[in-house]
Amino acid sequence: MAWSPETPYNELSPLPPAGVDLEPKEVLKATVEARAALAALGQAGKLLPNPGVLIHAMPLLEAQASSEIENIVTTADELFKHADSGGGDHATKEALRYRAALLASIHR
């Protein structure tokens, strides 16, 4: 049988499935709420004298949470204290290395 874009491959049913609501009301309501929350966060960010503080805090807190999965536990205080120097105990240094890797992957 020759390939044709109009014919499903391997007898797959066509998409989207008939009778399935792809945009249920619950999802749409949650989307509206999420949009409102993001707008409020954007407005709050504009009130800060230095919004970069929030931007730079997120990778640190992500590094802390992800490191805890691997049983490398440190505190946010330690991470913020040693964020520029790279010092601290072993767990803090490891979480800071995780943050460095995360930032390197973003800036590639």
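The values are calculated or read from the model by the stated rules, or taken from the named source; none is laboratory data. Because the structure is a prediction, the values reported are computed rather than measured. Cβ: placed from backbone, ideal geometry, glycine included. Neighbour counts: every protein chain shown.
Assess whether N50 counts as being within 30 Å of F80 (Cα to Cα), surrounded by fewer than 10 Cβ atoms within 10 Å (Cβ to Cβ) and not hydroxyl-bearing (S, T, Y).
Considered against the rule, which asks whether it is within 30 Å of F80 (Cα to Cα), surrounded by fewer than 10 Cβ atoms within 10 Å (Cβ to Cβ) and not hydroxyl-bearing (S, T, Y), N50 comes out as yes.
Residues that are of a type in the set (V, I, T) and assigned to a helix (DSSP H, G or I) were ranked within region 66-92; the one that is farthest from L38 (Cα to Cα) is T92.
Given the criterion assigned to a helix (DSSP H, G or I) and free of Cβ contacts under 8 Å to residues at least 12 places away in the same chain, identify the matching residue among A95, A44, A2, A63.
A44
Among the residues of region 98-108, how many are without any contact (Cβ under 8 Å) to a residue 12 or more places away in the chain and closer than 10 Å to A63 by Cα?
Qualifying residue count, region 98-108: 2.
Within region 14-37, one or more residues are exposed (fewer than 11 other Cβ atoms within 10 Å of the Cβ), in a helix (DSSP H, G or I), of a type in the set (D, E) and modelled with pLDDT under 95.
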